[in-house]
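So the structure is just underneath, and the comments pick up after that.
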Amino acid sequence: MRHLLIALGVVVFDRFTKWLVVRNIPLDDVISIIPGLFRLTHLENTGAAFSLFAESPSPFKTAMLVVVSVAALTIVAILLWVRRRDFNATTLALSLIMGGAIGNLWDRLADGKVTDFLDFYIGTHHWPPFNVADSAIVVGAMLLLLRTLKKERAAHASG
């Protein structure tokens with residue numbers, strides 16, 4: 001149950017922040033928060049996370065992104081079901097990934113695009129804008145990576 005509450009929390013926070021951006025920041029507009037480092041913007045991303053494939057002219061791009069999202073969600077849901085009694089870094093990571101995937105899938109199914117608004121940069125070095133759902137997916141993936149590295153290190157130390 002905790003896993004679903006975490007995923008639901010991510011989805012609700014993602015939907016709320018995107019709603020605030022769409023309602024209060026005109027498309028392609030920018031609000032400087034920390035000059036030279038961070039700003040809020042309102043962009044519509046037709047690609048994958050961090051605007052990957054956004055420039056692809058393929059008429060199947062959105063359909064493929066939906067299929068990949070549904071496949072990933074299915075795998076994550078199965079992994080969480082198998083570990084439903086556990087609560088650890090792995091299940092937390094999977095819950096974050098699930099919430100983020102649902103948040104972006106919601107946008108893609110509703111509009112064919114995802115609202116991005118968190119924009120970090122230093123001088124001319126610019127990270128592609130992203131959103132809360134992307135953040136949850138990345139944090140979840142990093143937790144899984146750290147957990148895997150920790151297990152590998154422990155296996156080498158005992159072997």
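Key figures for this structure:
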| quantity | calculated |
| --- | --- |
| Neighbourhood net charge (12 Å Cβ-Cβ; Lys/Arg +1, Asp/Glu -1) for Ala77 | +2 |
| Point-to-point label distance, Lys150-Val68, nm (Cα→Cβ direction, 7 Å offset) | 2.9 |
| Stokes-Einstein diffusion coefficient of segment 2-158, Kirkwood radius over Cα pairs, 20 °C, 1.002 mPa s, in µm²/s | 128 |
| Summed residue charge, Cβ within 14 Å of Leu118's Cβ, Lys/Arg positive, Asp/Glu negative | -2 |
| Exposure proxy order (Cβ contacts within 10 Å, fewest to most) of His125, His42 | His125, His42 |
| Potential lengthening between Leu20 and Ala110 on full extension [0.36 nm per residue; Cα-Cα distance subtracted] | 30.7 nm |
| Length added when fully stretched, Leu27-Ala157, from 0.36 nm per residue minus Cα-Cα | 41.5 nm |
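Each value in this text was obtained by applying a stated rule to the coordinates, not by laboratory testing. On a predicted model such as this, the values are computed, not experimentally measured, just so you know. No Cβ is skipped: glycine too gets one built from the backbone with ideal geometry, and neighbour counts run over all protein chains shown.
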